[in-house]
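S.K.: My questions will all concern the structure given below.
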Amino acid sequence: MEGSDAAEAGISQAPPDLKPALEAILMVVDEPVAEVTLAQVLERPTGEVGVALRELSAEYTAAGRGFDLREVAGGWRFYTRAECAPLVERFVRDGQTARLTQAALETLAVVAYRQPVSRARVAAIRGVNSDGVIRTLTARGLVEEAGTDPESQAVLYRTTSYFLERLGLRSLDELPELAPFLPDDVEILEEKQ
């Protein structure tokens, strides 16, 4: 008997077990979902939901599945396992490439490490106008407006949770340190700009 038929007939249905319920919800999300949100929806303790998510993740890894359950950007979501990513990419894109240009990568790095940051500051650091690149990054959902600078009234930009998700990071704290890659006189160069 279908679920709606059972409800109409007055037959009560037991809620699904926790792991299948989590799988069903996570199968349809398009962004990571926090443990607290899942616990509220499933009316279960957050700790119990967290344990079940970690167990599911370990089970998928042990079974060598083509997908993975990961905690990223403050929530949980299914991802293609790294070994299968090229096949999925080929299927989804059908030969089309949507890679970021060098200018976009540079601009994204400046925003990620200096956020919130204005377009003028990005341009000063890069040495070229970055307005078009910031518009592109905003359109792709990697960068968003973060208010205005109180002194200059310039619009400030920051990275999005989608940025964290695409990089597989839980938070900006996981960005690698830049110090080893910078010249020794970087502070002097920045003061001159």
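The values are calculated or read from the model by the stated rules, or taken from the named source; none is laboratory data. Predicted, not measured: the structure shown is a model, and the values here were computed from it. Virtual Cβ from ideal backbone geometry, glycine too; neighbours counted across all protein chains shown. Just so you know, the surface numbers come from the protein's heavy atoms only, side chains and all, with ligands and any DNA or RNA stripped out. Shrake-Rupley method; radii C 1.70, N 1.55, O 1.52, S 1.80 Å.
S.K.: From 164, 156, which residue is in a strand (DSSP E or B), open to solvent by less than 70 Å² (accessible area, probe 1.4 Å) and modelled with pLDDT of 90 or more?
M.R.: 156
S.K.: Return the residue satisfying two criteria in turn: it lies in segment 66-89 and is over 12 Å from residue 33 (Cβ atoms) and acidic (Asp, Glu), and of such residues it is farthest from the chain's Cα centre (by Cα).
M.R.: The extreme case among them is 83.
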